[in-house]
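The values are calculated or read from the model by the stated rules, or taken from the named source; none is laboratory data. Since the structure is predicted, the reported quantities are computational estimates derived from the model, not experimental observations. Here the Cβ positions follow ideal geometry from the backbone for every residue, glycine too, while neighbour counts run over all protein chains shown.
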Amino acid sequence: MKNRSFALSTALVCALTLAGCGVLPGGSQKTTVDVWLMQGSVSGEFLERFTSEYEKEHPSVELEVTFQQWTGIGKKVMAALESDDAPEVIEVGNTQVARYAESDALRDLTLESVRDLGSEEWLPGLAEPGSINGSQYGIPWYAANRVVIYNKDLFAAAGITEPPKDRAEWLEISEKLDGNGRQGIYLSGQDWYTLAGFVWDEGGELAVERGGNWEGALHTEAALRGMAFYQELQSHGDGPKDADEVTPPQAEVFAKGDVGQIIAVPSAVPAIEKANPALKGKLGFFPVPGKTLEAPGAVFIGGSDLIVPEKADHRAAAVEVVTALASERWQTELALTMNYVPNKTTLAGVIEGNEGTAAMAAGAARGRATPNSPQWAAVEADNPIKPYMTAVLQGQDPARAARAASERITAALRP
């Protein structure tokens, strides 16, 4: 059922006015644009402000917003795309666009991307997953990515006066912080999103496309170098080799106060401070360091794109809504309200006063997404990267373990 948190439903409006659906008193026609957003993506305050302003500027349009849960959203979106009652605009995860585009049920937004939306300035980690075979189906909306969160008191006690600028310095300070009952860094053994950044920094890939077919690529020399760096960094702490970052939740481990660093999104800080109020005001942030001083390290960039179903009743009106949400004005509002990274590199300055978000924005400029295969979800469903990482950290031959993981990825990526 369509619903709206701060306005009467269309059906109720129709009943109260004794008019046909979409027809208001005086005979003026309203176009209802149905928008699906994900639960938690925006605050009610932001959404009400956007809707009020948009409807004021577009008096013939009424926005009807429904919040969706992430759990099970893939099947729900696919069903909507195939139905004759598709919403006009849908928020989707940036790595999900390829799956939906494969259905040929999305509107091609390439023209609007170039003409109206400044696509040349988009963050690659949001833009590239939305582009399929040269056509843009997903419009970048917002981004979030991992940074290094550190304990300022532990840094100061170790004589470390500023964050590291490259990987070599990062290893040095992590080793310096480690010992005497403290961990230099808490890095679990199966944090494969973090590993992906190290692989990309080395020039490697998780998977590559050849002749229309996708193949696992963890066994390449570049990818193995990324794993070797992960192994060295992970050794400067006591993170479990056979678990990921939520087992146990790394924010809870960090909150104990004896861990120098974790790699996480800045939104982890409220949970840390709630678990240990004594850490409030004592946490800092820096981008994941790169191989050289010239740029931060590559990171996996998560976030959302906006898509328009081909079967939507009001596609032109939908594109106007997407254009507004992706505009500089509302990107700035969204970043300041929700502490997200805006969709364009040129807008990074709007969040400079927020240390955590600014660190995200610096890393997001080199952000990447998972391989743009419609079948990538099958890889994550039974993720072979995690046991591969554990095998290496527990002493197995890296090349052999990587080859086995690559073969499993290849099998999962077969249509």
Review point. Is it the case that the range 126-139 has a residue that's of a type in the set (D, E) and more than 17 Å from A369 (Cβ to Cβ)?
Key: no
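Condition check ((1) over 24 Å from M338 (Cβ atoms); (2) in a strand (DSSP E or B); (3) without any contact (Cβ under 8 Å) to a residue 60 or more places away in the chain; (4) out of contact with any Cys (no Cβ under 7 Å at 6 or more places or on another chain)) across all residues:
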position	(1), (2), (3), (4)
T51	no, no, yes, yes
T66	no, yes, no, yes
K76	no, no, yes, yes
A86	yes, no, no, yes
A98	yes, no, no, yes
L111	yes, no, yes, yes
L117	no, no, no, yes
G125	no, no, no, yes
Check your understanding: Counting only residues that are of a type outside the set (S, T, Y) and outside any helix (DSSP H, G or I), how many does the range 329-352 have?
Key -> 6
Exercise for review: Tell me which residues, restricted to the range 377-394, are assigned to a helix (DSSP H, G or I) and either modelled with pLDDT under 95 or of a type outside the set (A, V, I, L, M, F, W, C) (or both).
Suggested key: A377, A378, E380, A381, K386, P387, Y388, T390
Exercise for review: Output the number of the condition that K176 fails; it satisfies all remaining conditions of (1) surrounded by 18 or more Cβ atoms within 10 Å (Cβ to Cβ); (2) in a helix (DSSP H, G or I).
Suggested key: (1)
Exercise for review: Considering every residue within the range 158-169, establish whether at least one is touching a helix residue (DSSP H, G or I) at 6+ places or on another chain (Cβ under 7 Å) and surrounded by 22 or more Cβ atoms within 10 Å (Cβ to Cβ).
Suggested key: no
Review point. All but one of (1) at pLDDT below 95; (2) within 22 Å of the chain's Cα centre (by Cα); (3) under 30 Å from E120 (Cα atoms) hold for R210; which doesn't?
Key: (2)
Exercise for review: Restrict the check to the range 222-243 and report whether at least one residue is more than 30 Å from E407 (Cα to Cα), among the aliphatic types (A, V, I, L, M) and assigned to a helix (DSSP H, G or I).
Suggested key: no
**Study point:** Residue identified as crowded, with 16+ Cβ neighbours inside 10 Å and either at positive phi or out of contact with any helix residue (DSSP H, G or I) (no Cβ under 8 Å at 6 or more places or on another chain) (or both) among V269, V253, V259, V199
**Key:** V253
Point to revise | Condition broken by L279, with the remaining ones in (1) assigned by TED's automatic domain parsing to the domain that holds L233; (2) surrounded by 23 or more Cβ atoms within 10 Å (Cβ to Cβ) satisfied | key: (2)
Revision key, fill the gap. Those residues of the range 199-215 which are outside any loop (DSSP other than H, G, I, E, B) and within 17 Å of G297 (Cα to Cα) amount to V199, W200, D201
Check your understanding: For the range 395-413, which residues satisfy the criterion of being closer than 17 Å to R210 by Cα and part of a helix (DSSP H, G or I)?
Key -> S406, E407, R408, I409, T410, A411, A412
Exercise for review: May I ask you to say which residue of L187, L218, L154 is buried (at least 19 other Cβ atoms within 10 Å of the Cβ), modelled with pLDDT of 95 or more, more than 26 Å from the chain's Cα centre (by Cα) and outside any strand (DSSP E or B)?
Suggested key: L154
Practice item. For the range 137-151, enumerate the residues that are more than 15 Å from R315 (Cβ to Cβ), within 20 Å of the chain's Cα centre (by Cα), surrounded by 22 or more Cβ atoms within 10 Å (Cβ to Cβ) and not charged (D, E, K, R). Key: G138, P140, W141, Y142, A143, N145, V147, V148, I149
Review point. So is A362 in contact with a Phe, Trp or Tyr (Cβ under 9 Å, 6 or more places away or on another chain), part of a helix (DSSP H, G or I) and crowded, with 21+ Cβ neighbours inside 10 Å or not?
Key: no
Point to revise | Residue satisfying condition, being outside the structural domain of A358 (by TED's automatic domain parsing), under 21 Å from the mean Cα position of the chain (by Cα) and over 17 Å from F155 (Cα atoms), within set Q250, Q234 | key: Q250
